[in-house]
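K.L.:
Here it is, the structure in full.
What follows is calculated from the coordinates using simple rules that are stated; it is not laboratory data. Owing to the predicted nature of the structure, the values given are computational and were not obtained by experimental measurement. A quick note on method: Cβ atoms are made from the backbone with ideal geometry, for glycine too, and the neighbour counts reach across all protein chains shown.
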Amino acid sequence: MGLSQREFQSSIEILLGRPLSEIWEAETTPLYTEAYRKDLKPVKGIREAIDQISVTTCVASSGSHEKIRFTLGLTGLYSLFEERIFSATEVARGKPEPDLFLHAARSMGVRPQACAVVEDSAHGVAAARAAGMQVFGFAGSVTPAGKLEGPNTTVFEHMSELPKLLRQLWM
């Protein structure tokens, strides 16, 4: 979780000790698509939290633009970020390297130190820290809190907490 497709595939190849077949992606993509259609739901309280956040937001994801559009569309969140979506496909190195977050900040015209990142993966938290950004580790998803904790990181479990955490950061 939190890796680009290229880095994910590379990790699998390292574990297997051999390259994946040329048709691996073509075989697995429909399986992921079906699983997303069946099971992907928005995080409880995310829409309400976003509606309460007064600063400009964006999405900086390890997924491709196609995947981001698809998953945000399934959850009904795409229209909230439509013109402010950044993909690891736009940078040389994805998470856990800081490149994607630095690219997003630069594109949005914001200094990295003035950015806050909400992340639910250890790779994303590491990338945001490396970018010099304040991190909010969301432990209400798949990654346990202990994997998100560390410097410049506030870990939280309920999305309803996020607007207040952000307000406290900028007070």
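K.L.:
Give me D for the chain in µm² s⁻¹, whole number, from Stokes-Einstein with Rh from the Kirkwood sum over alpha-carbon pairs, 25 °C and 0.890 mPa s.
P.N.:
145 µm²/s
K.L.:
On to the next question. Hey, got the dipole for the chain? About the Cα centre, +1 on K and R Cβ, -1 on D and E Cβ, debye to the nearest 20?
P.N.:
380 debye
K.L.:
Looking at Cys58, His103, Gly124, which one has the Cα that reaches farthest to the positive end of the dipole of the range 50-125 (charges on Cβ: Lys, Arg +1; Asp, Glu -1)?
P.N.:
Result: His103, furthest along the dipole toward the positive end.
K.L.:
Using helices alone, what [θ] at 222 nm do you get for the chain, with -39,500 (n - 2.57) per DSSP H run of 4 or more residues, divided over all residues and rounded to the nearest 500?
P.N.:
Value at 222 nm, helices only: -13500 deg cm²/dmol.
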